[in-house]
Structure formats: structure tokens, C-alpha cells
Amino acid sequence: MATADHAVTHVLTGYRPKTTAECVDLERVLGVVEAGAPWDRSTPLHITASALIVHPGSGRVLLRWHQRHQSWLLVGGHGDPGEYDPLAIALREGREETGLPDLAPWPDAEVRHLVIVPVPENSREPAHEHADVRYVLATSAPEAVRPENPDAPLRWLTPDEARMAITEANVLDTLSRVESLLAR
């Protein structure tokens, strides 16, 4: 195993799955890490990192429209060359996609959800899967949000509003895990 993969191995071995399906996904992802090159976008299953951004003061969550999937999803994506820490990737992607400069792990830096999601083929790549490592990030300045482009609008929603907007079951699962944190 490459030295760079130790960060993701540490994160994944410390994670405690919440469901049987998540246990299966974790084993598959650990197998990809063990095989080497878990971040390589050319492999049929590779790691991504994402986050549900929250504003704890108002209890709202931020969703991003994803044109390719035609749905409201989390912020996040692939690691850039040389990036191997899922939390650092989620933070970078969150800042890039929202313009929020003060994003920080909330209420801690723990992984909140691990899920393998199918990605349909398009003109640039075949169908594949993302092993998505998910976090919660918070901002204290929700009004500073700025979409990275006009095709990727952002919406602050209450959890109930978000539940109505989200069409992906795995994103609803992430939302339910975060809702319990917001209710504290």
C-alpha cells in the first residue's frame, strides 16, 4: 500500500458503520485501498469526499444542484493530484463550490457516512462508482455563500425542506444523520 493511502486507511479503519449495507461498502472500499490507487478516477470504484454544510445557528443545511445528476446533492468530489486526506478534500471542495471561507468540521472531524454510489456514464467517462466519505462542515456566515457557476445553484434549507428537495436515498440517509446532530 502506498504511503499516501495511510491517511484514508486511518480514517476508514476508525469509522464505525451504522448499517449492514454500510459494513459491506466499507469492506469494498478497504479492498480498493489495499489494492492500491484508491483515488484513481480511471478505476471502476474510487474514493471521493463530500460534506453536508450546515449553519448551526439556524439549523439549516446547504444543498448544491448537480446538473449531471439533475438533483440536489452535497458538495464534494475527487481529490486533486497529491491529495489523500478525505476531510481536506471535502473542505477544499466545499470552499470551491460554495465560496464559504470559514468552513470547518462540525461538531467534530468524524466521518458521518460512507456510501458507494453509482455514477452514470456520460460522453467523457463510463459508468463507475464513488466510494464517498462524508463529513459535516459548518459555517458561521451563511450569507457569504456564492455558487461556483450559474449551473450549480446553492440553497439553504431547513431539514424538512431539504428532505422534500432531495431525491437520492443515500443523501436522505446522510441528512437524517446530520439532523440528529442539529437537534442537540
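Below, the figures for the structure above:
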{"read-out": "Three-way shape call for the stretch 30-101 based on the alpha-carbon gyration tensor, with the a/c threshold at 1.5", "value": "prolate"}
{"read-out": "Spacing of the two label points (7 Å from each Cα toward its C-beta) at GLN70 and HIS6, in nm", "value": "4.6 nm"}
{"read-out": "Listed residue (PRO107, ASN122, PRO44) projecting farthest to the positive dipole end of the stretch 35-184, Cβ model", "value": "PRO107"}
{"read-out": "Linear extension gain, ARG28 paired with ARG177, 0.36 nm per residue minus alpha-carbon span", "value": "51.4 nm"}
{"read-out": "Accessible surface of the stretch 9-59, 1.4 Å probe, proportion on carbon and sulfur as whole %", "value": "60 percent"}
{"read-out": "Percent antiparallel among DSSP beta bridges (both partners in the chain, rounded to 5)", "value": "70 percent"}
{"read-out": "Between 0 and 90°, nearest 10: helix 86-98 axis offset from the chain longest Cα axis", "value": "40 degrees"}
{"read-out": "Kirkwood-type radius of the stretch 76-181, with distances r between different C-alpha atoms, in Å", "value": "15.2 Å"}
{"read-out": "Over the stretch 1-73, relative contact order from alpha-carbon pairs under 8 Å, at least 6 apart, %", "value": "20 percent"}
{"read-out": "Rounded FRET efficiency, nearest 0.05, which uses the C-beta distance separating ARG184 from ARG16 and R0 of 25 Å", "value": "0.85"}
{"read-out": "Other-chain or far-sequence residues with amide H under 5 Å of VAL133's (modelled H)", "value": "THR48, ALA49, SER50"}
{"read-out": "Stokes-Einstein D in µm²/s, Kirkwood radius over Cα pairs - the stretch 1-147 at 37 °C with 0.692 mPa s viscosity", "value": "208 µm²/s"}
{"read-out": "Per residue value of the accessible surface for the stretch 85-184 (all protein chains in place, 1.4 Å probe), Å²", "value": "49 Å²"}
{"read-out": "Accessible-area composition of the stretch 109-172, carbon plus sulfur, in percent [1.4 Å probe]", "value": "52 percent"}
{"read-out": "Candidates THR158, THR19, THR167, ranked by Gaussian network fluctuation over the chain, Cα under 10 Å, top entry", "value": "THR19"}
{"read-out": "Only Lys, Arg (+1) and Asp, Glu (-1) charged, at Cβ; the chain dipole about Cα centre in debye", "value": "420 debye"}
{"read-out": "Gyration tensor verdict on the stretch 15-67 (Cα atoms; rounded if a/c is under 1.5, prolate if a/b is larger than b/c, oblate otherwise)", "value": "oblate"}
{"read-out": "Spin-label pair ARG95/THR43, simplified geometry with 7 Å Cα→Cβ offset, distance in nm", "value": "2.7 nm"}
{"read-out": "Length gained when the stretch ALA127-ARG163 is fully extended (0.36 nm per residue, less Cα-Cα span)", "value": "10.3 nm"}
{"read-out": "Rounded to whole Hz, the Karplus (6.51, -1.76, 1.60) HN-Hα couplings of the stretch 146-157, x for glycine and proline", "value": "9, x, 5, 7, x, 7, 10, x, 10, 9, 7, 9"}
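The values are calculated or read from the model by the stated rules, or taken from the named source; none is laboratory data. All of these numbers come straight from a predicted model, not from anything done at the bench. Reconstructed Cβ throughout: ideal geometry from the backbone, glycine too, with neighbour counts over all protein chains shown. Remember, those area values only see protein heavy atoms, side chains included, never the ligands or the DNA or RNA. Shrake-Rupley method; radii C 1.70, N 1.55, O 1.52, S 1.80 Å.
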